[in-house]
Amino acid sequence: MASGLVSVIIPTLNEQSGIETTISSIPKSKIKEKFGYDLEIIVIDGNSDDLTRDIAEKMGAKVIIEKDRGYGRACKTGFSAANGDILITVDADNSYPADRITEYLDKLKEKDLDFITINRFAGMEKGAMSFTRRVGNKILTLTMCLLYSVQIRDSQSGMWIMKKDFISKIRLNSDDMPISEEIKVIAFKFFKALELDGKYYRRVGKSKLSIIKVGWKNLKYLFEYKKIIKFAIKSPAEITSRT
Ligand SMILES: Nc1nc2c(ncn2[C@@H]2O[C@H](COP(=O)(O)OP(=O)(O)O)[C@@H](O)[C@H]2O)c(=O)[nH]1
Ligand SMILES: [Mg+2]
């Protein structure tokens, strides 16, 4: 198998209790064995005031401090810093099935996909998502499907497996949680994208978001984004000028 590099991008904000298990659940040697890929782990830290950065560094991750807040901003900083041909995102709270990365890489290659998102509802551990969150997610997902004519079951999942090439071709607008729906709209409307069954485990440590506030912001964003979706794909000149 051809050699290459996989970048796992992990945004963190005070995740000292989850970062170690998250990083150790990434099957580094299996990825090397099966695909010949090396691995880089990039932690984008929102200036945590706990031990997150120290633990991440000890675990071999490259740590970048992104002082300006926002999950979306952290993801974008991670995408720019990544050197891999394939980029993967997971939370630092051990809630996503990082142990299944090789299975998803297989699919990306086999089907020559640009983007995979992981459906957490396919394997939800008891207590992993509150009733309010489930309802909110369903409302947001249905709204996304209706507004953008896409078919997806989990619009808020934060585990993505993508070609770097896909990221190089798109312009992401949101600096906050709505980036999750934005990236999926772009991928499913304009690229070869698939949603695969995953798992969702009870998070380690506390969530950083207020559900009602984020839910409302994400819903509004779905309507607002209609006006700027035309800017989502970069022109060929823009892509080459940045690479
Ligand atoms: N760098 C950075 N990371 C963040 C920020 N907000 C959340 N995160 C991280 O992004 C991931 C998703 O946030 P999380 O609280 O788990 O949201 P949830 O999964 O929707 O409950 C986690 O790893 C957080 O630590 C932020 O403002 N900056
Ligand atoms: Mg999380």
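Annotations
- Between Ser168 and Ser235, the simple spin-label model (points 7 angstrom out along Cα→Cβ) gives 1.9 nm.
- For the chain, built as a Gaussian network whose Cα springs stay under 10 Å, the top-fluctuating residue of Met159, Met129, Met177: Met129
- A Förster radius of 51 Å, combined with the Cβ-Cβ distance separating Lys189 from Asp54, puts the computed FRET efficiency at roughly 0.80.
- Anisotropy class of the chain from Cα gyration tensor, a/c 1.5 cut: rounded
- Site pair Arg69 and Asp175 shows an inter-label distance of 1.2 nm when each label is modelled 7 Å from Cα along Cα→Cβ.
- Count Lys and Arg as plus one, Asp and Glu as minus one, and take only other residues whose Cβ is under 11 Å from that of Glu15; the net charge is then -1.
- In terms of its C-alpha gyration tensor, the stretch 100-162 has an oblate overall shape, because the principal axis ratio a/c (a ≥ b ≥ c, square roots of the eigenvalues) is not below 1.5 and a/b does not outweigh b/c.
- Top of Ser210, Ser48, Ser130 by mean-square fluctuation, Gaussian network on the chain, Cα under 10 Å: Ser210
- Judged by the ratio a/c of the largest to the smallest principal axis of the C-alpha gyration tensor, the stretch 30-133 counts as oblate, that ratio being 1.5 or greater while a/b is no larger than b/c.
- Distance between modelled label sites at Thr143 and Thr102, nm, 7 Å Cα→Cβ extension: 4.1
- Zone residues, the stretch 163-181, relative to Ile228, backbone N less than 15 Å from point 7 Å out along Cα-to-Cβ: 170-181
- Backbone amide hydrogens, once placed in the peptide plane, bring Glu15 within less than 5 Å of Thr52, excluding anything fewer than 5 places away on its chain.
- The chain - percent relative contact order, Cα under 8 Å, separation 6 or more: 23
- In this structure the amide hydrogen of Gly84, modeled in the peptide plane, comes within under 5 Å of the amide hydrogens of Ser7, none closer than 5 places in sequence on its chain.
- Listed residues Lys126, Lys107, Lys199, most fluctuating in the chain (Gaussian network, C-alpha, under 10 Å): Lys126
All of the numbers you see were taken from the coordinates with simple rules; none came from a lab. Since we're looking at a predicted model, the values are computed, not measured. Counting neighbours? That spans all protein chains shown, and the Cβs are built from the backbone with ideal geometry, glycine included.
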